[in-house]
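The values are calculated or read from the model by the stated rules, or taken from the named source; none is laboratory data. What you see is a predicted model, and the numbers here were worked out from it, not measured in a lab. No Cβ is skipped: glycine too gets one built from the backbone with ideal geometry, and neighbour counts run over all protein chains shown. With ligands, DNA and RNA removed, areas are computed over all heavy atoms of the protein, side chains included. Shrake-Rupley method; radii C 1.70, N 1.55, O 1.52, S 1.80 Å.
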Amino acid sequence: MALHAPVLVLKDSLKRESGTKVHHANIQAAKAVADIIRTTLGPRSMLKMLLDAAGGIVVTNDGNCMLRELDLAHPAAKSMIELSRTQDEEVGDGTTSVIVLAGEMLHVAQTFIDKNYHPTVICRAYTKALDDAIAVLDKIAIPVNVDDRVAMLGLVKSSIGTKLTGQFGDLIADLAIDATTTAGVDLGQGIREVDIKKYIKVEKVPGGQLEDSKVLKGVMINKDVVAPGKMRRKIINPRIILLDCPLEYKKGENQTNAELMKEEDWEVMLKMEEEYIENLCAQILKFKPDLVITEKGLSDLAVHYLGKAGVSAIRRLRKTDNNRIAKACGAVIVNRPEELQESDVGTGAGLFEVKKIGDEFFAFIVDCKDPKACTVLLRGASKDLLNEVERNLQDAMSVARNILKNPKLLPGGGATELTVSATLKQKSSSVEGIEKWPYEAAALAFEAIPRTLLQNCGLNVIRTMTQLQGKHANGENAWVGIDGSSGDIVDMKERKIWDSYSVKAQTFKTAIEAACMLLRIDDIVSGIKKQQAPGASSAPKQPQIEQEGGADNEQMIPE
């Protein structure tokens, strides 16, 4: 029988890699990503400077922030980036640890793949290790009293200690705790829900010093009153009305032609418009407000009527800001002036005033009685610095929020990971069959975090690690870890280096699940593009509806 020509199944343009080659590539890629951000873990962390395509610079050491800016080619590396994003959205902190841990998990799996272990076996062992690790966390976690300000400060500080603003220690931590406790909403059963995105606004104003930053008991907006000369810029205990409708004459939806026969008709029409606006204003003024704020336009005429009555007005406010003001002063946003009721008027604010900061005017609605929304005012020397401070504040607020949600603490400084590692090592002897080795490897992988902390301190890694392992040997001394700034082995309870339980648990889960997912990939087929018919190249492409990052923009959030 003659030799047949080889059968072509895949097109020429397709590349296919399979088997161990893929595993190696994936593990390499994941490790590369982990190495990029490894140096940003811990208080002695370095900063990264990223240049984006437009030539703007970002200086940061927030894991998620760096990876967002990177443009990676390898698919496995991309999925690592997703990890830190999930972590950021879920708990807001631990974005660096997650990547370092996942990279390490894959790294220790490499030896087993070389020995022809089946990936599912490794994954099974990892999942088992994860369950045990979470059990250990539950065992060593200690409850914290949310109202104990000192404990909270220590906790938030250990989260920001690793960030650029660590040197301003208490400042950011104070801001974060103030903001989150203000905006917290009790859901009953002792659960607090804090919606950071909606009700805490961070306003960055360049100039001044960082120490001038503060949490306002109320809201600040980047607007001035409509007629600065005529309207009051400072009102004590204002009555505030929030509107969602334009105070101007309604225009037709489409072009309307009105044919006027007589000259007087024109005047009649103008008169009608004026009366309409006068009515609108009269309905509002019935409630004797001091401040009227609308999201839409205000016509000159309406400004005149309001100004005559001594009412200050602000127009074209962002929807999100309006919601915050409503929350802060207890007003209700009204859609039609006809429907105003006394209960819709906000009386909770203590002071409305317009101040000039730098060269812009800002309206403050502050000293609220029981605000449920607040603004954090950040001052600083440069824009880059402010951006970084804002990112750190975001992390700090997330930590504060996590504690309010789930008030349990774990030791920081790598102590948790070491305890988990020691306990898993003990348990590994009772694991049956072939899964024992990967299980033990997973236990070792947890040590990546304390090891990286040590590397960043510039200590003798091996010696210190052995000391620590000795301390943790049988799962006791759960609270002994590394003081990241000096590199000493200390008791975390004394140094007040804490981590929040929800962050740690989420870190472990995300890292291990991701490692398992990447290990299960055994085939990469690339080049699945539909070939264009010749001559079709000039045809316009379908417009892409959803741009990347479009979903995060403020304008698109439905309130």
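To the nearest Å, what is the center-to-center distance of the stretch 420-467 and the stretch 356-383, using C-alpha atoms only? Each part's Cα centre sits 47 Å from the other's. The residues of the chain have, on average, 51 Å² of accessible surface per residue, using a 1.4 Å probe with all protein chains present. Based on every Cα atom in the stretch 366-453, Rg and the maximum pairwise Cα distance Dmax equal 21.2, 66 Å.
Per-atom-type breakdown for the stretch 1-132 gives carbon and sulfur 57% of the accessible area (1.4 Å probe, protein chains only). In the chain, the ratio of gyration radius to Kirkwood radius, Rg to Rh, stands at 1.09 when only Cα atoms are counted. Cysteines in the chain that lack a partner Cβ within the 4.7 Å cut-off: 65, 245, 281, 329, 368, 374, 457. Between the helical axis of 448-457 and the longest alpha-carbon principal axis of the chain there is an angle of about 80 degrees. The gain in end-to-end length when the residue 116 to residue 82 segment is fully stretched comes to 9.4 nm, 0.36 nm per residue minus the alpha carbon separation.
Loop only per DSSP, at most 10 neighbouring Cβ atoms within 10 Å: give me the trypsin sites (Lys or Arg not before Pro) in the stretch 63-138, ordered by residue number. Walk me through the intermediate numbers first.
Details: sites: 68, 78, 85, 115, 124, 128; in loops: 115.
Answer in residue order: 115.
Which whole number in µm²/s is D for the stretch 191-288 by Stokes-Einstein, with the Kirkwood Rh taken over Cα pairs at 20 °C and 1.002 mPa s? Calculated translational D: 112 µm²/s.
Tell me, what is a quarter of the convex hull surface for the C-alpha atoms of the stretch 441-513, in nm² with one decimal? Show your work: numbers first, answer last.
Values: hull surface 21.1 nm².
Taking the Cα atoms of the stretch 441-513, their convex hull projects to 5.3 nm² on average.
The length gained on full extension between residue 336 and residue 300, counted as 0.36 nm times the residue separation minus their Cα-Cα distance, comes to 11.1 nm. May I ask for the angle, rounded to the nearest 10°, between helix 170-183 and the longest principal axis of the chain, with both axes built from Cα atoms and the value confined to 0 to 90°? The two axes meet at around 60 degrees. The mean sequence separation of alpha-carbon pairs under 8 Å and at least six residues apart, normalised by the residue count of the chain, gives a relative contact order of 24 percent.
Tell me the carbon and sulfur percent of the accessible area for the stretch 274-317, rounded to whole percent, probe radius 1.4 Å. Let's see the in-between values first.
Values: 930 of 1930 Å².
Here carbon and sulfur together make up 48 percent of the probe-accessible area.
Subtracting the Cα-Cα distance of residue 268 and residue 12 from their residue separation scaled by 0.36 nm leaves 84.4 nm. Beyond 27 Å, what share of the Cα-Cα pairs of the stretch 1-131 is found? Please give it as a whole percent. Here the tail beyond 27 Å accounts for 35 percent of pairs. With a Förster radius of 41 Å applied to the beta-carbon distance between residue 71 and residue 214, the computed FRET efficiency rounds to 0.60. Checking every one of the GluC sites (Glu not before Pro) in the stretch 228-319 against DSSP loop status and a limit of 14 other Cβ atoms within 10 Å picks out 253, 259.
In the structure shown, do any of 157/201; 31/504; 128/157; 204/405; 234/286 have a Cα-Cα gap over 30 Å, and if so which?
On the way: 157/201 21 Å; 31/504 21 Å; 128/157 33 Å; 204/405 27 Å; 234/286 22 Å.
In this structure, 128/157 exceed 30 Å between Cα atoms.
Ellipsoid semi-axes for the stretch 271-333, based on the Cα gyration tensor and the rule √(5λ), read 22, 13, 10 Å when sorted largest first.
Just want to confirm a number: the relative contact order over the stretch 282-405, from Cα pairs under 8 angstrom separated by 6+ residues, in percent.
Numbers: 131 pairs, mean separation 22.2, N = 124.
Normalised by residue count, the contact order of the stretch 282-405 is 18 percent.
Find which of 466, 238, 182 sits farthest along the positive direction of the dipole of the chain, computed with +1 on the beta-carbon of Lys and Arg, -1 on that of Asp and Glu, about the Cα centre. Projecting each Cα onto the dipole axis, the largest value belongs to 466. Straight-distance candidates among the aspartates and glutamates for linking to residue 372, with alpha-carbon spacing under 15 Å and chain neighbours fewer than 8 residues away dropped: 178, 186, 193, 195, 321. Rounded to the nearest 5, what is the percent of antiparallel bridges among the DSSP beta bridges in the chain? The antiparallel proportion sits near 70 percent.
Between the beta carbons of residue 491 and residue 49, assuming R0 = 30 Å, the FRET efficiency works out to 0.25 to the nearest 0.05.
Rolling a 1.4 angstrom probe over the stretch 344-485 with all protein chains present gives an accessible area of which 49% lies on carbon and sulfur atoms.
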